[in-house]
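Here is the structure we will look at, set down as structure tokens.
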Amino acid sequence: MSNASRMMRLAGIDIGTLTCRLLIADLAPSGRLKEVRSDRRILRLGEGVDHAKHLSGAAMDRVLQCLKEWRELIDASAVDATAAVATSAVRDAVNRDEFLDRVKREAGFEIELISGEEEARRTLLGIRSGLPVGVTDLLALDIGGGSTEFILDRSGQAPIVRSIDIGVVRLCERVLHHDPPTEDEVRQAREWVARETRAAVAVMDNYETATFVGTAGTVTILAAMAQKLPAHEPARIHNYELQLSTIQELEQTLLSRKKADRAGLPGLEKGREEVIAAGTIIIQTVMETLGMPRVLVSDLGLREGVLIHLASRAEPQ
């Protein structure tokens, strides 16, 4: 039976610097994904990698335990194909082969280590699968734990992708050493992000005319905080329009508190108390640098793009 004539059940795993994500979904012939099961866990695989260039044993163990549990879920879900990718932290680690070998041996996953540019291309597939009607040209921003991707995508043209080595974990470990960060640390962070942002968009003509779209944890959490949501509600987060002025207010709230005092703020996911400040600095500085007054929030991204890419090359068993 061909891909075009039946529903495919696919599983995708995104092993990030901060967060690991699982999505098991049915892909209809129309190309729409219908979630069957999903999970995400803040495991900080990239903890200390920016300085040491080395994945710690404790961090690898956390991720391995999670992947073993997900292996059981996937095996019980009768999937047609599975794909697992790793991003910035694993790319940067000198002991990445040790980690990839352990994952294959202990959890049974063959991990694909993708570049920042390939990460952006698959993220774009995910974003494109859920945009509102009428959105054609877009400038997408994907803020991760170790890197941030800029993607300019216009109809009829090849996407322009730039990946910069700034993410929420990297920014915390390299610049934001105090709790809360000092004014000087925040200034250094802004200058770094602004400089890298200008370099990233230097080859992107007329990006101002594209719809600005943000994906991944920082932007979705800020959308939840802006609406004071008590729990993650994808239907209220996806395609929410987040104003720069709201982000500026949230940044003031976050930077005026120690990370322990941020716990319990409406919409803030447990485990993000430290990195949300870094993420807010990144998104605010990018928007101010680019002159973007608002960002359209996408709850779809790399995880969904991994499945869509997998479907394009997988045949049901």
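The values are calculated or read from the model by the stated rules, or taken from the named source; none is laboratory data. All values derive from a computational prediction rather than experimental measurement. FYI the Cβ positions are ideal-geometry reconstructions off the backbone, even for glycines, and counts take in every protein chain you see. For accessibility, only protein heavy atoms count, side chains too; no ligands or nucleic acids. Shrake-Rupley method; radii C 1.70, N 1.55, O 1.52, S 1.80 Å.
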Query raised in the report: If you check every pair at least six apart or on different chains, which have Cβ atoms under 9 Å apart with a residue in the range 191-208 that is touching a residue at least 40 places away in the same chain (Cβ under 8 Å) first and a residue that is loosely packed, with under 12 Cβ neighbours inside 10 Å second?
Result: Glu208/Gly291
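Just give me the residues in the range 203-225 being open to solvent by 30 Å² or more (accessible area, probe 1.4 Å) and either modelled with pLDDT of 95 or more or not aliphatic (A, V, I, L, M) (or both), in sequence order. Spell out the reasoning first.
Within the range 203-225, the subset open to solvent by 30 Å² or more (accessible area, probe 1.4 Å) is 203, 205-209, 211.
Result: Asp205, Asn206, Tyr207, Glu208, Thr209, Thr211.
In the range 186-197, what residues are out of contact with any strand residue (DSSP E or B) (no Cβ under 7 Å at 6 or more places or on another chain) and crowded, with 17+ Cβ neighbours inside 10 Å? So that I can check it myself, show each step before the final result.
So in the range 186-197, the residues out of contact with any strand residue (DSSP E or B) (no Cβ under 7 Å at 6 or more places or on another chain) come out as 186-195, 197.
Those that are out of contact with any strand residue (DSSP E or B) (no Cβ under 7 Å at 6 or more places or on another chain) and crowded, with 17+ Cβ neighbours inside 10 Å: Val186, Ala189, Arg190, Trp192, Val193, Thr197.
Would you mind stating whether Glu112 is open to solvent by 50 Å² or more (accessible area, probe 1.4 Å), under 30 Å from Ser256 (Cβ atoms), of a type outside the set (Val, Ile, Thr) and out of contact with any Phe, Trp or Tyr (no Cβ under 7 Å at 6 or more places or on another chain)? Break it down into steps so the answer makes sense when it comes.
Details: open to solvent by 50 Å² or more (accessible area, probe 1.4 Å): yes; under 30 Å from Ser256 (Cβ atoms): no; of a type outside the set (Val, Ile, Thr): yes; out of contact with any Phe, Trp or Tyr (no Cβ under 7 Å at 6 or more places or on another chain): yes.
No, not satisfied.
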Query - Residue tally, condition open to solvent by less than 40 Å² (accessible area, probe 1.4 Å) and in a loop (DSSP other than H, G, I, E, B), over the range 57-87 - result: 4
**Report entry** Qualifying positions in the range 131-163 - farther than 17 Å from Ala200 by Cα and among the hydroxyl-bearing types (Ser, Thr, Tyr)
**Finding:** Thr136, Ser155
Query raised in the report: Can you tell which of Val306, Val203, Val295, Val219 is more than 16 Å from Pro181 (Cβ to Cβ) and either over 18 Å from the mean Cα position of the chain (by Cα) or among the aromatic types (Phe, Trp, Tyr) (or both)?
Result: Val203
